[in-house]
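Quick notes on the structure that follows.
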Amino acid sequence: MKKTLIFLLPVIILAGCHNKSTFTISGITKDKSQKAIYLNRVNVNTLVFVDSSEIRKNGKFSLRIRAKEPDFYQLGYSNTNFVTLLAGPGEKIYVTFNGKSLISGYSISGSEGSEKVRMLDMRLADTRKKLDSLRTVYAAAAKEPDFDKKGPALETEFENTLKDIRKKNIEFIIGNLKSMASIMAIYQKIDNETYVLYDPRDLQYMKLVSDTLGRYYPNSLNVLALKEDLRKELNLMNSSRLETLAASSPQVRLDPNLKNVSGKRIALSSLKGKVVLLTFWSVECKECIAENLQLKNVYKALNKKGFEIYQVNLDQDEEAWKKEVRFDELPWISTREDDPSNPLNARLFNVKAIPANFLYDRSGNIIAKDLHGKSLQIRLDQLFGN
C-alpha cells in the first residue's frame, strides 16, 4: 500500500478529547550536552515549527501548547533525532530520555494513547531486530552444505514473523478504532518497501479506521489524508481487478462464425484475401430486401474478381429466413445468428439499425461501414479499379 503520512518514529496519541485548550509536555533528558528541544507539528507530510524549550542544567524541559484536537508532533533535538507524539487538549505528558538517541531509550506517561503508541513502536523495533538476525543467519547458512534443509526452515520463520506482527496490528486496530493510535498501526513499515499490513485485503482495516476516526475527528488533516489514501488505494485495486479480468477473459473477436442455410458453419475470417461486405438484415425489413436485390448485380459483376458477401440474418423465424434466401436466389454466403433473441454478433458490431454493413479489405481490415447504393458502388470501383 502506498501511503503519504510519515510516521517513521514513535507517536503519542490522545484517545479522547478534553475541554481544555492546551496540553503540556515536560520531561528530563540525561544527555547534558543538549541545550534545547524542539516541537514541530506534522501536517500529513510537512513539518511546521511550533515551539521550543531550553533544557535546564538539571536536564529538565517543559512546553505548553494550544490545541483544539489531537494532532501529530515531533519532539527532539533535530530533524534526525526525535520521537513522534500525538498530543491533544488536556494531556499532561511526561517524557524521560535515557540516551543520546531519543528513540532508543525513552519512557512516557500521562496518556493511555501514548502508551499504546510506544507499545506499537517497541514491537515493531523488536520485529525488525528479529528479521535482521534471521537475514544474518540465512546468509551464513547459505554457505553450508545442509542449506537445503536449513534454508526453507529459516524462510518459514521469516514469513511467520511478518505474519505475526501483521496479526497483532490487526488485533490492535480492531480493539482501538476510536483511538488515533490506530493510524500508527495502519502506516507502520518493516522497511522502506514493506508495510506491516502488506495484504491487499488489509484495505478493509484502513476503511474501518478512516470511517471511525472520520466521525470523531472530521477536520483532522491526518484523518483526511487517511481518507484520501483509502480512496486512491481502492481506485488502484479496482483498476487492478479490471486489468485482471480483461487479461483472463477470452478475447472478443469481430469474426462471425455462423451456420448457412445448409447448416454448415462458416467463419468470416476464412474469407481473408477477398474484399468482403458483411451485412446485417431481416426478412421483415423492406429496405433490406430491396438492397439485397441491388447487391445481386454488384455480386455478379465482382465475385470472380475477389468480392464476397457474408450476410447475417437477425430473424427469429428460421424458416422465413431460408425461404427468403431461396426465393430471391441470394448467391452469397447467407448465415443467421445462432440465437436471434440474443444477437451476439450484431451487438459486437454495435448494429443500431438495419440494413447495416461493414466493408473489409483483402487483409481482413474494416475500411468502411454503412455504405449503400451509389456510395458502395463508388468505393468498390476504387478497390477493383473499375
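Annotations
- Mean projected area in nm² (Cα convex hull; one quarter of hull surface) for the range 46-166: 10.4
- Annotation: lysines with alpha-carbon distance below 30 angstrom to LYS274 (same-chain offsets under eight excluded): LYS259, LYS264, LYS286, LYS296, LYS300, LYS304, LYS305, LYS322, LYS323, LYS352, LYS369, LYS374.
- Global size of the chain as Cα Rg and Dmax, reported in angstrom: 36.8, 112
- The range 22-114: Lys pairs at Cα distance under 13 angstrom, eight or more positions apart or on different chains: 9
- Normalised Debye scattering of the range 257-384 at q = 0.12 Å⁻¹ gives log10 I(q)/I(0) of -0.40, counting only Cα atoms as equal scatterers and leaving out solvent.
- Along the chain, the longest continuous region that contains none of the GluC sites (Glu not before Pro) in a DSSP loop with at most 15 other C-beta atoms within 10 Å is 1-192.
- Under a 5 Å amide H cut-off, with hydrogens placed 1.01 Å from N, ILE266 pairs with LEU258, LYS259, ASN260 among residues at least 5 apart or on other chains.
- Net length gained if the chain between LYS60 and ILE289 were fully extended (0.36 nm per residue, minus Cα distance): 72.5 nm
- Relative to the dominant Cα principal axis of the chain, helix 221-248 is inclined by about 30°.
- Directionally averaged projected area (convex hull, Cα atoms, the range 112-187), nm²: 5.1
- Based on every Cα atom in the range 119-246, Rg and the maximum pairwise Cα distance Dmax equal 18.0, 60 Å.
- In plain terms, the chain from LEU254 to ASP51 could stretch by 66.2 nm, reckoned as 0.36 nm per residue minus the Cα-Cα distance.
- Once you divide the Cα radius of gyration of the range 22-114 by 2.2 N^0.38 Å, the number left is 0.99.
- Site pair GLU144 and LYS300 shows an inter-label distance of 9.3 nm when each label is modelled 7 Å from Cα along Cα→Cβ.
- Look at ILE103, ILE37 and count the other Cβ atoms within 10 Å of each Cβ; fewest to most, that gives ILE103, ILE37.
- Rough spin-label spacing in nm, given labels placed 7 Å along Cα→Cβ, for LYS167 and THR136: 2.7
- The angle between the Cα long axis of helix 373-384 and the longest principal axis of the Cα atoms of the chain comes to about 90 degrees, rounded to the nearest 10.
- Cα long-axis angle, helix 203-216 against the chain (0 to 90 degrees, to the nearest 10): 60
- Label point of MET119 set 7 angstrom out along Cα-Cβ; within the range 179-215, amide nitrogens under 19 Å from it belong to 179-189, 196-197, 209.
Coordinate-derived values only; no laboratory data. From a predicted model like this one, the values you see are computed outputs, not experimental measurements. Ideal geometry is used to build each Cβ from the backbone, glycine not excepted, and the neighbour counts take in all protein chains shown.
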